[in-house]
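To keep things clear, I will list the structure first and then write my remarks on it.
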Amino acid sequence: MKGSLATWGNRLHSGEKTYPIVAQRKRWFAISGVLMAFSVTILVTLGFNLGIDFTGGSQYVVANVEDVSTAPAEDAVAAVAPGEQPRVTQLGENDIRVQVGFLEPDEQLELTEALADAYGVPTEDISFDQIGPTWGAQVGQAALQGLVIFLLLVFLVITLYFRAWRMAVAAIVALIHDLLFTAGIYALTGFEVTPATVIGFLTILGYSLYDTVVVFDKVRENTANLQTQNRYTYAELANLAVNQTLVRSINTSVVALLPVASILFIGTWLLGAGTLLDIALALFVGMAVGTYSSIFVATPLEVALRGNEKAIKDHTARVLAARESGEADVAVNTDGTVRVGALQPGHHQGVGSQPRRKGRQ
């Protein structure tokens, strides 16, 4: 198995094996469009399940309980504040968190005693916090400001580094794609949105951007001498870059997702680590969709944008004309697609040695 994966990766990197990812970009755009429409629909119809940090209210944490069932807490809240709908969550192995709306001072004390009686613990083992909605609004505003500043910096840095604003636009579209889909999954599952969720959302931006920049760097390398050769188009060389980095993207994603999956599935649902649920879901979904967008959204979109440049149009026309006349000497895969070999340093034709066949492609 290991040998087969290594062979597959080597064939992708050399260009012997390629997948027409860029050529089928309309398919990926359609899939992403459906996913985005689905996410927006879910966000509009269901909305977020905002945590107490954003809505405001009262929070109790009952420590060192023997019975971690939620029924005693729900009964205690019903007895003290019948109009409240409590959110009761198990934290770790021996703690219970109870969240309700705003309570009067006498109700706060009464509920503390009711929870102590319900779980058989002293009142000293119960912590209480009253959280106002103003703090949550400040967190949301700060997160939005951070997102806008991050996107502006991404656009500036990528434009300067690659000297191509279209790559910056494609990267930002991929980032928004990842955020919107993750937000839709959050709304669909009804998971509570907390400050940790915001941290998770901002974290996946960096991960998605890293994967996209790796692919873009390979695209720049492959197309550095584009105008000096008339055998391969910009789209074909960009597709080679995606295939060459495909194994790396998959390996990086698997390595990153495994510990997050452990936190999300094992830590949360088996061990009851409720405090990790919000950030783990954001990271898991964001990393997975970030890998997809770096391969199937960012580079295909960049190629579509650059396809409108006159220089790229003229070069593509020259390449296709050379193939029609039989002047271009290129290799062809069994499915009829043009095989682009891995680039060799200083090779102005832009390809390594590959089996060749003349004629119409």
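Odds and ends about this structure:
- The set of residues in the stretch 160-219 that are acidic (D, E), farther than 20 Å from L276 by Cα and buried (at least 17 other Cβ atoms within 10 Å of the Cβ) comprises D178, D211.
- Options S39, S32; residue that is surrounded by 18 or more Cβ atoms within 10 Å (Cβ to Cβ), within 29 Å of T252 (Cβ to Cβ) and in contact with a His (Cβ under 8 Å, 6 or more places away or on another chain): S32
- Scanning the stretch 215-247 for residues that are out of contact with any helix residue (DSSP H, G or I) (no Cβ under 7 Å at 6 or more places or on another chain) and either free of Cβ contacts under 8 Å to residues at least 60 places away in the same chain or among the small types (G, A, S) (or both) yields a total of 2.
- For the stretch 283-324, a residue qualifies if it is within 16 Å of the chain's Cα centre (by Cα) and among the β-branched types (V, I, T), and the qualifying residues are V285, V289, T291, I295, V297, T299.
- Unique residue being more than 20 Å from the chain's Cα centre (by Cα), at pLDDT below 85 and closer than 19 Å to A282 by Cα when the list is G132, G146, G136: G136
- Helices (runs of 4 or more DSSP H) completely within the stretch 151-263 that count 1 or more residues being small (G, A, S) and more than 26 Å from R11 (Cα to Cα): 165-189, 195-222, 246-261
The values are calculated or read from the model by the stated rules, or taken from the named source; none is laboratory data. What you see is a predicted model; the values in this text were computed from it and never measured. As a convention, Cβ positions derive from the backbone with ideal geometry for all residues, glycine included, and neighbour counts pool all protein chains shown.
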